[in-house]
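What follows is a short report on a single structure.
The values are calculated or read from the model by the stated rules, or taken from the named source; none is laboratory data. What you are looking at is a predicted structure, and each value in this text was computed from that prediction instead of being measured. Quick reminder, even Gly has a Cβ in these numbers, built from the backbone with ideal geometry, and neighbours come from all protein chains shown. The accessibility values were calculated without ligands, DNA or RNA, using every heavy atom of the protein model including side chains. Shrake-Rupley method; radii C 1.70, N 1.55, O 1.52, S 1.80 Å.
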Amino acid sequence: KSGSLSAQNKASCQKVIAFLLYMHKRGGIFEQPDSVLDQISDQNLISQMECNEVVLLKLLSASYFERLNEGKDDYQLTELLKNLLYRKASNLDIVRAVCRKIRRKNQHDIPKLITPLLVLAHMGNAYAQTYAFQALVAIAKVGAPARTIVDNKGVEIAMHVIYTSPSRELVQAAVTFLETVISKSRDDESITKLSKTYFLDKLVNLLGPQLLGQRHDAPLLSAVARLIMHICTQNYLILFYMVVKGVIRELIAIIQEDDGYYRILIPISACLGTIFFRLQENKARFKTLVESETSVLNDALQEQAQHLVTVLKNMMNPEGLQVALNVLIVLKHMVKLVAPEEKKESSPQKDRRKELLMVLDSKYAFEHVLNRCKEVASRCEDMKQAANVDDAERKMWATIVAGVRSAADELLVAVDDIDDEDDSQAGRSSIG
C-alpha cells in the first residue's frame, strides 16, 4: 500500500517502523533514525545489533528490507542476513525466515552467506541445522559456490551430521545437500572425503528396515539412493565396497516392499540400474566378485532377478513405465554380468547366463513379460501423442519408451539365443 502514500507519509511510516524495530547496539541506547535503511547501512551497528525480534520477523516475512533497498546494491541486505545468522541463531523463527529467504532469492552475494550457514549447520540445534542445509542446497545448485562449500569443509560437516544425528528430517537435508554438492562440484576431492568406510556403512544402514522403525520414508530413501548413485558412478572402489556391504540386497528389498509406491521406486530402481551398469562396465576389475558363485554379489542373484521380474509385471501401466525401464536395465546388465567369457576347451565354464534366463522364462514367462513391456510402451506412446502435453514432457516419454523397447529387445535376443542353443542340442541328440 505504500504506493498510495505521499512522500511525507512514507517518511513518517519508515520512522515508525524503525522505532518499532528498535535496533541498537548491545549495551547501547536507541537513537531514532529516519529509516531502517540507515541502520542496516551501518556495519558497526549491524554486527552488534539488538532489536525487537517479533517486529524483525514480521519485516523479514514481508520482504520489507528488499522493498526498502530496491534498485540499490544488495551488499547491505547480504550483510544483514549474515549477521542475523550469526547473532540470532537461537531464534529458530528468524533462522527459518532467513534461510527461506536465501532459498527463494538469488540476488544476494551468495559466497558471503556460505560460512555462516556452515557454522549453523555444524553448531546449531537439529532444527537450525536442517534449515541451514536446505539453504545450502539452494546455494549449491547455482554451481560455482559448490566448490567454495567443499573448501569450507561442508562435506565433512554433513557427513558428521548424517552419522550422528537421530533426526530423520536433518539426515534427509544433509544427504540431499551432499548429493547436490557432489553432482555440481564433480571433483575427486569430494569423492575421496566420502570414501570413509564408516560413512559408506551408514549409507547402507539408512536403506535398511531398522531406520527409525520404518522403511517408507520416500524423501530420505530417495536422497540416499541418489547420493549412492553419484558416488558409485565416480569411483569404482566405492562401488566395490558398497556391493560387498550389501547395498544391492537392501535396494531390492525396498523395491519388493514398495512395489506400488512410484515415488520411492523410481530413484531406488535408478540407483540399482546404475550399480549393475557400473559392475558390468568394470567386470574385469571385479573378476573374483563376479565369477565366484558364493560371493556377496552372486549368492542371491537368481532370487533377486526373480523378484525384479515380479515387480516388472506390476509396472505394466503408464505410471510404472519409468520404473519398468530401470528394472529392465538392471536385468539386462545382470544377464551380461553372469555371461561366461569365451569358452576354452581346456577349461569349460558353467553358463550361469543360460541358467538364469531359463529359470526366469520357465517360472515367470519372461519372454511374454518382455513383449508385454513393449506393448505397454507403444500404448503409452500413443496416449502421449494424442494428449495435449508440452514438448519437454513428450520428449521425456519418447526417451522412456525408446529405452524400454531397446532393453526389452536386447533381453529378448538373449532369451532367443538360449532357445536356439537348446534346439540345436536337441537336434544333435536326436541325430546321435
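List of remarks:
- Residue among 156, 189, 169 that is open to solvent by 40 Å² or more (accessible area, probe 1.4 Å), under 23 Å from residue 101 (Cα atoms), of a type in the set (D, E, K, R) and assigned to a helix (DSSP H, G or I): 169
- So residue 114, is it in contact (Cβ under 8 Å) with a residue 24 or more places away in the chain and under 20 Å from the mean Cα position of the chain (by Cα): no
- Matching residues in the stretch 120-133 - criterion: being of a type outside the set (Gly, Ala, Ser), surrounded by 21 or more Cβ atoms within 10 Å (Cβ to Cβ) and out of contact with any Ser or Thr (no Cβ under 9 Å at 6 or more places or on another chain): 120, 131
- Taken over the stretch 377-420, the residue count meeting the criterion of being in contact with a helix residue (DSSP H, G or I) (Cβ under 7 Å, 6 or more places away or on another chain), among the charged types (D, E, K, R) and modelled with pLDDT under 90 is 3.
- Selection within the stretch 297-319 - in contact (Cβ under 8 Å) with a residue 24 or more places away in the chain and open to solvent by 50 Å² or more (accessible area, probe 1.4 Å): 302, 307, 310, 313, 314, 319
- Filter result (surrounded by 14 or more Cβ atoms within 10 Å (Cβ to Cβ) and part of a loop (DSSP other than H, G, I, E, B)) within the stretch 49-73: 51, 52, 69
- Hey, residue 358 outside any loop (DSSP other than H, G, I, E, B) and either among the β-branched types (Val, Ile, Thr) or farther than 24 Å from residue 272 by Cα (or both) or not: no
- When 117, 92, 136 are checked against the criterion of being at pLDDT 90 or above and surrounded by fewer than 17 Cβ atoms within 10 Å (Cβ to Cβ), 92 stands alone in meeting it.
- Of all residues making up the stretch 36-48, the number that are outside any helix (DSSP H, G or I) and farther than 13 Å from residue 84 by Cα: 2
- Answer residue from the stretch 139-153, given it is assigned to a helix (DSSP H, G or I) and open to solvent by 20 Å² or more (accessible area, probe 1.4 Å) and is farthest from residue 195 (Cα to Cα) among those: 148
- Of all residues in the stretch 250-304, those being in contact with a His (Cβ under 8 Å, 6 or more places away or on another chain) and within 14 Å of residue 330 (Cβ to Cβ) number 8.
- Total residues in the stretch 237-295, condition part of a loop (DSSP other than H, G, I, E, B) and either open to solvent by 30 Å² or more (accessible area, probe 1.4 Å) or in contact (Cβ under 8 Å) with a residue 40 or more places away in the chain (or both): 14
- Unmet requirement for residue 326, which otherwise passes all of (1) assigned to a helix (DSSP H, G or I); (2) touching a Gly at 6+ places or on another chain (Cβ under 7 Å); (3) farther than 28 Å from residue 381 by Cα: (3)
- Condition check for residue 334: open to solvent by less than 60 Å² (accessible area, probe 1.4 Å), among the aliphatic types (A, V, I, L, M), closer than 17 Å to residue 255 by Cα and in a loop (DSSP other than H, G, I, E, B): no
- Criterion violated by residue 18 - all others in (1) modelled with pLDDT of 85 or more; (2) of a type in the set (Gly, Ala, Ser); (3) part of a helix (DSSP H, G or I); (4) surrounded by fewer than 18 Cβ atoms within 10 Å (Cβ to Cβ) satisfied: (4)
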